[in-house]
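Okay, structure first, notes after.
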Amino acid sequence: MSEPIISSKHLDLFYGDFQALRDINLDFEDHEISALIGSSGCGKSTFLRSLNRMNDMIDNVTITGSVQFRGKNIYAPQTNLVELRKEIGMVFQQPNPFPFSVYDNVTYGLKIAGIKDKAKLDEIVERSLRQAAVWDEVKDHLYDNALSFSGGQQQRICIARVLAVSPDIILMDEPTSALDPISSAKIENTLLDLKEQYTIVIVTHNLQQASRISDKTAFFMDGTVIEYDKTSKIFVNPENQKTEDYVSGRFG
């Protein structure tokens, strides 16, 4: 079996005195989609944000344990957070394009990295928007404000913005919860294509979505992982009664 691309080891997280995560040990394989499920407040989004240190931005957070990315602890003092978040990108629940053109959104991280060659930028913009399955809808409107597009298109522009800097991992915090079913289905199809090249970890409240698109599923409850296995096993034959009760709709 191959080494996981990213894994948490004995990860605990506190907001002040409140313990939000308890001894989380999870391995994520390359080229897989892993879903994190569980009721609101169970710790799944907090855990997702711990995978690229987004919780560092919150006051009064204490984290112990480690997250190993390609064999190195991302919580080591020498970690370059700008580089880390380039390699482990994030797509949020609400589409959040910057208030400028589609082109400038997608090239934002590239320009920060010092890439100025117009031909290269053009090439990456087209490739990223194609990967995000939104090229055909925006190719004639690259210099229109990204906020002028529909919510589903904005979310795929945000995915393209993450893809442009060539990450290894894409984290997604309920990326379709603010979207209509048709837009959600487009993004699900996009993710299934993207896993050929990327590792994807997605938080979702939508159990049908988790069962449709993920290879593995982790069920969180009260800041702990109750069960983590192949998605087919979690939904059809879970080992833990609490998992069975959740996926069958008896609570949560």
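Listed values, structure above:
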quantity: Qualifying residues in segment 143-162 (those that are among the aliphatic types (A, V, I, L, M) and surrounded by 18 or more Cβ atoms within 10 Å (Cβ to Cβ)) - the one farthest from the chain's Cα centre (by Cα); calculated: ALA146
quantity: Where PHE92 falls short, out of the listed (1) of a type outside the set (Lys, Arg); (2) farther than 27 Å from ASP117 by Cβ; (3) more than 12 Å from the chain's Cα centre (by Cα); calculated: (3)
quantity: Matching residues in segment 115-124 - criterion: being in a helix (DSSP H, G or I) and either modelled with pLDDT under 95 or more than 17 Å from GLN197 (Cα to Cα) (or both); calculated: LYS118, ALA119, LYS120, LEU121, ASP122, GLU123
quantity: Among (1) farther than 22 Å from ILE182 by Cα; (2) touching a residue at least 12 places away in the same chain (Cβ under 8 Å); (3) of a type outside the set (Lys, Arg) - the single one ILE115 does not satisfy; calculated: (2)
quantity: PRO95 vs. criteria assigned to a loop (DSSP other than H, G, I, E, B), modelled with pLDDT under 95 and surrounded by 21 or more Cβ atoms within 10 Å (Cβ to Cβ); calculated: yes
quantity: Candidate set: segment 164-186, residues that are crowded, with 23+ Cβ neighbours inside 10 Å and either of a type outside the set (A, V, I, L, M, F, W, C) or part of a helix (DSSP H, G or I) (or both); chosen: the one farthest from the chain's Cα centre (by Cα); calculated: ALA164
quantity: Breaking point among (1) in contact with a Phe, Trp or Tyr (Cβ under 8 Å, 6 or more places away or on another chain); (2) closer than 21 Å to GLN208 by Cβ; (3) hydroxyl-bearing (Ser, Thr, Tyr), for SER183; calculated: (1)
quantity: Residue within segment 119-133 that is touching a Ser or Thr at 6+ places or on another chain (Cβ under 8 Å), of a type outside the set (Lys, Arg) and more than 19 Å from MET90 (Cα to Cα) present; calculated: yes
quantity: Tally of residues being under 28 Å from GLU123 (Cβ atoms) and touching a residue at least 40 places away in the same chain (Cβ under 8 Å) across segment 167-186; calculated: 8
quantity: Residue within segment 40-58 that is on the phi < 0 side of the Ramachandran plot, assigned to a strand (DSSP E or B) and in contact (Cβ under 8 Å) with a residue 12 or more places away in the chain present; calculated: no
quantity: Subset of segment 192-237 (residues that are outside any helix (DSSP H, G or I) and without any contact (Cβ under 8 Å) to a residue 12 or more places away in the chain); calculated: ASN237
quantity: Those residues of segment 211-220 which are more than 20 Å from SER7 (Cα to Cα) and not polar (S, T, N, Q), in sequence order; calculated: ARG212, ILE213
quantity: Within segment 39-57, considering residues that are buried (at least 19 other Cβ atoms within 10 Å of the Cβ) and of a type in the set (Lys, Arg), the one farthest from the chain's Cα centre (by Cα); calculated: LYS44
quantity: Residue in segment 222-241 that is surrounded by 16 or more Cβ atoms within 10 Å (Cβ to Cβ), basic (Lys, Arg) and at pLDDT 95 or above present; calculated: no
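The values are calculated or read from the model by the stated rules, or taken from the named source; none is laboratory data. Quick caveat: nothing in here was measured; it's all calculated off a predicted structure. All Cβ positions, glycine included, derive from the backbone under ideal geometry; neighbour counts span all protein chains shown.
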